[in-house]
Structures are given as structure tokens and as C-alpha cells.
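Values quoted throughout were computed directly from the atomic coordinates according to the rules given, and no laboratory measurement underlies them. Quick caveat: nothing in here was measured; it's all calculated off a predicted structure. Glycine gets a Cβ as well: all are built from the backbone with ideal geometry, and neighbour counts include every protein chain shown.
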């Protein structure tokens, strides 16, 4: 439990993202519906998607060189301020899922990710949505008007 | 684990809701932030709210005589088709929370609940939002144009 | 989101626990099975119980005057080091639940809570278990040999 | 939402497992700690591990030809009856994780999986444990004395 020496552990794969950019500019992670994602109706509980959306944007940032844990350590946080999801069809136990995200052009302090959750071949669309974050200075608990430089530079590297 | 005789268990409090109607027409449940609701930032993880919103609407229906489990047993389901949340302020470990919901006038097949998550004295507003459900015939997997009668009657009993 | 002035919020009910001591020395919280607790099998997913066990012990400490958030603020943490659960019967959607816990005599650095999860009338036993915690100095990340005084005193006030 | 034609969707990768057998006979899935896995202490909340353990055993079965969703459809369920975990060290945001599982020799109706959760290079051990399941006839809600044939055959194909 005590983790006094966590800092000294080597993390040779810290910059390795799970997910890839598609030819049409999305960042995609794939996953599969496990029992813990489902509810009594035998399909994915509507709140379970939130974890997939988070994983997709965290790994997208990692793919362009920004480890979320490094942002946090540097004193920056990215809380969600807005969440809007539409559920088009339900996903069942064992189904494979593609979770795709892309960044909207950043305006002011709001960073908005749009999402498509579909079958891997994109034939069936399950959920679409948008999640908006702001950058916050952890110490002060205040919204930061300018993105941290590492984040701003990384975002510029994203496919348009 | 085997629950062959679950049906025969008495449930004398099945109609007892946890929550109350406020004078200004909301249904309110109160809860408190536990460790499992929080994330690394020391505040409630944005997805944790979804469970509170669900509890509030399920218990609101129970308070007007509709057990969600009875709806399900009768072949009806109420999947979420739309979710929109705005996060205004963060909630910390141990904070008390009031989760209030009310039904919008039902139009067509869409049942929309609006939400306010605040401190119990309403002085601090944390989250506002809307969650929209439709009624589905579980057997056919199709949206039902008319609400089940017990549900329609109960909704008519709600404060306007 | 920014929560710079969270500290100044009044919290008049911070010492109010949700739960009560029973005549035979358990601390009991009651809850009800919501859709998000269930899985495809229509019963409570085995991991969902963990949240109830946590709530029960956190509220038990609060009932004897120790706010978990205050412990954390004072630099102490109580990570789980051991978890052992037996699932006797399954719990279904809408079922009412009694979650009861009591502390075992503290030996050395280990604080063990034993648990019974049952129907409110105790006629049906669903889950039994034991969860063991240790006290950790958050700054040093090391196990603390002596309980913080407030915690030690509070534990002495627990029914034997 | 309505999913009347879910059955007709092609699932060309239904038999593809995420995870691999190691040379020393474990089945291993790798993952990474996301914000939703953590709690206020900045480390993985003790209940979050349960989802990883489930994914590992479900994907292990898939790797030997048994889709969990097919078992369920055929009327069989595998509820957890016993769970025992020891937490040795904490895992932080962004850390890579190896979750390894193997089946103990099946005795009677109990199917026990043992677990090791460690860093990918196995240098740091975070959690060890055992999860025991039984096979249940979903219709009757009774424990089945004999494993379904597909499951029994698959288990025989597992590395000893």
C-alpha cells in the first residue's frame, strides 16, 4: 500500500498510447462489453459509456505526447464542464466497440471532444456526443485562460 | 447465489421511497460524497453523478406508486436516449448533496427529467441537466407510442 | 468547477451520519438496488457491493465523530489491504438492503470490519465479508504504527 | 435504443480475445489506469480492480473458444460466490498494468481463478487474489453439478 518510492519506478511505456488515428482523422480505441458494463436489461448501462469516452480522450492526448498524469503533476487539471450524449442503439454483452473522438477547434477556454461509439466496422452507430473540458490551475482552483504550452503544442499536432 | 425462491420473499416496504417532494415541486433525494465517488482530483468524478440522477428518478416514480422493478417485470423498459449535463462547481469528499428532479410535460414518446444537484440548502449549485427516456417494449425491442397505463396515471399525479 | 472557496462553505450537517447502531451492536445503513447496481443477469453485480461496504464503514466512523474527509485532510489515509467476501444469494432490482458492519478488536496496525448484507428483516442473507484497512501517513506513504488519536478514541466509543 | 435486429449483426471478431497466454501459463491482459479508476488519494480505488479481474477471466475463456455471451444465451450463468483480494501496493494515474489469471484445478462445482496484478515487467506486485464462481442454470436459478460441455472441454484446453 505505502507507495513512497512510486516515483522511482521506471515507466518505459509511459508514452505508448492504446489506440490509433484513423485515416479520416478520428482517434479510435476499441474495447468489448464486459458483464460489469451491463445492467438488468442485458445491455450497456447508459453511464458506462462515460468511462470509454474518458479513456479515448486521455489516450488521444498520450498519442500526441501528453501524458494526463504529467499534466496533473504539473499542476493542471481538465475537469469536464459539459456533457451531451445521444443514445441511438443499445450494445449487448460481448459486443466489440469502436470509440472514436476528435477535438473541435479550441475557442477560448473550452476544449470540446466529439464522439462516435459504433461497431468496429462503423455499420451500427450506438452513441454520439460531445464532452467539454476547461483547464484549471489545481493550486488556485481557477480556470486558466491559456492552455499549458505542452498541451497547446500537442493539440496543434492533431489531424485537422 | 441460486435464487429460485426470490419471488416468495415478502417485500413490505416495496412502495416506500427514499426521498421527498419539496414545496416547490421537486423530488429530492439526499446523499453524501463517499470515497468511491471521487477521483484523483479529490472531487466527485463527473460520471458518478449519473448514478445519483438515476436513483432520483427511480425513487420519484416509486413515490407516486410505480416500482421500476414492476415496470420491468411487466415487459416495459425505460432506456435513456439523451443526456445533457452542465458541471458548475465541484463536490468534495464528505460533502452532503441534494439531488432534485422534476418531470417536464411529456411530449410524444419522450419522458424528460430535469435536474439540479446542489448543497442541501441550495446555496451552492453543482450540476444541472436533463435526462430523456423512452418507453420500450422489452419483448419486441421497440419504442412504445403510448405509456403503460400505470405509468401514465402516476405521472398525472406528479406536482405540476 | 473552480472551487477556490469551497473551504468557506458552511457544513452544518457534517457530523450527521446516515445509518444507525442496532441493539446488537452493528452499524447499519439501508439502501435499495438501483439499475446501475445490476448486471445482465438482473441481479446486483458482485463488485457493486464494495461501494455499500465502504459507505457503511465511513458512516459508522462519522456516527462516532470521525469525518473521513477530516482524517484525509489531517494527512491520514485508510487504504484497504484485504478484502474477503462470500456471496450467498443474489439481490434483485428494487430490493431493499441492510448493510451491517462492526469493527473487530484492533490488533496491531490492522483495522478489520466485518459485514453482513441482508434483507432489512435479516431473513435473507446475501453477502458476508471482512474488509481490512491500515492507517497510512499520506505525506510519507508509510503505514503508521499508532492510530491517529481522534480515530483511536472514537473506536473506543464503539459498542463492544 | 430498440434493438430488435441486434441478432442479425455480423460479429466477425466475436472469437477474438484481447489478451494472451504467457509462457508460464498465465492469461494476461494489459490496461492502464484512467482517471475513473482513481479516488481522492490519487491511486486506484480498491473496488476498481474487480472490473479488471472480470475482464481477464472473460477474455481467457474467449481465448479458449468460449464466449461468455454465448454461455449466457445457452442458459448458463457464472456468478461469483467468493472473492478474496490482498492489496500490496497502490497503483497511480497513468500507470500500465498487467492483470494475470489462471484457473485452479476444478473441484466439484467451484471454478476458482487466481490472480496477479503487477507492473507489465512483473517487478512490482500490486494485488493478488482468488475469485470463485459456480455454474448456475439461469431458468431454475440452481447450481449445476456438471459444467456445460463446451465449458468443460475448453477448460481442458487450458495450460496446466
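Run the helix sum for chain D: -39,500 (n - 2.57) per DSSP H stretch of 4+ residues, divided by residue count, reported at 222 nm to the nearest 500 deg cm²/dmol. -5500 deg cm²/dmol, from helical runs alone. Extending 7 Å from Cα along the Cβ direction at residue A:106 and again at residue D:146 yields two label points whose distance is 6.4 nm. Exposure proxy for D:54, C:23: other Cβ atoms within 10 Å of each Cβ, ordered fewest to most, give C:23, D:54.
Taking the beta-carbon count within 10 Å as an exposure proxy, list D:112, D:74 from fewest neighbours to most.
Numbers: D:112 17, D:74 11.
So the residues, fewest neighbours to most, are D:74, D:112.
Please report the projected area of the protein assembly as shown's Cα convex hull averaged over all directions, in nm². Could the numbers behind the result be given before it?
Numbers: hull surface 111.8 nm².
Here the figure is 28.0 nm², rounded to one decimal.
In nanometres and ascending order, the distances from the residue C:155 label point to those of the other copies are 4.1, 4.8, 5.3 (point 7 Å from Cα along Cα→Cβ).
What sits nearest the axis between copies B and A, counting only chain B Cβ atoms, is the residue and whole-Å distance B:84, 2. Label-to-label distances for residue A:108 across copies, nearest first, come out at 3.1, 5.8, 6.6 nm, using points 7 Å from Cα in the beta-carbon direction.
Compute the relative contact order of chain A as a whole-number percentage, counting only Cα pairs closer than 8 Å that sit 6 or more residues apart in sequence.
Details: 268 pairs, mean separation 37.8, N = 160.
Answer for chain A is 24 percent.
Look at where the Cα atoms of the stretch C:78-102 and of the stretch B:127-160 average out, and the two centres are 32 Å apart. Roughly what angle does helix C:49-63 make with the longest principal axis of chain C, taking Cα atoms, 0 to 90 degrees, to the nearest 10? Roughly 50 degrees, rounded to the nearest 10.
Please arrange B:44, A:81 by counting, for each residue, the other beta carbons lying within 10 Å of its beta carbon, fewest first. Kindly include the intermediate steps, with their values, before the conclusion.
Working: B:44 25, A:81 21.
So the ranking, lowest neighbour count to highest, is A:81, B:44.
Between C:84, C:63, C:41, the GNM of chain C built on Cα springs shorter than 10 angstrom shows C:41 fluctuating the most.
How shielded is B:65-75 by partner chains, expressed as the average number of their Cβ atoms within 10 Å of its Cβ atoms?
Numbers: counts 0, 0, 2, 7, 10, 2, 2, 8, 4, 0, 0.
Rounded to a whole number, the mean comes out at 3.
Across all Cα atoms of chain A, the radius of gyration (one decimal) and Dmax (whole number) stand at 16.9, 49 Å. When residue C:121 is represented by a point 7 angstrom out along its Cα-to-C-beta vector, the spacings to that point in the other copies are 4.2, 5.4, 6.0 nm, nearest first.
Determine the shape class of the stretch D:100-160: with a ≥ b ≥ c the square roots of the Cα gyration tensor eigenvalues, call it rounded for a/c under 1.5, and otherwise prolate if a/b is greater than b/c, oblate otherwise. Show your work: numbers first, answer last.
Values: a/c = 3.26, a/b = 2.06, b/c = 1.58.
Because a/c hits 1.5 or more and a/b exceeds b/c, the stretch D:100-160 counts as prolate.
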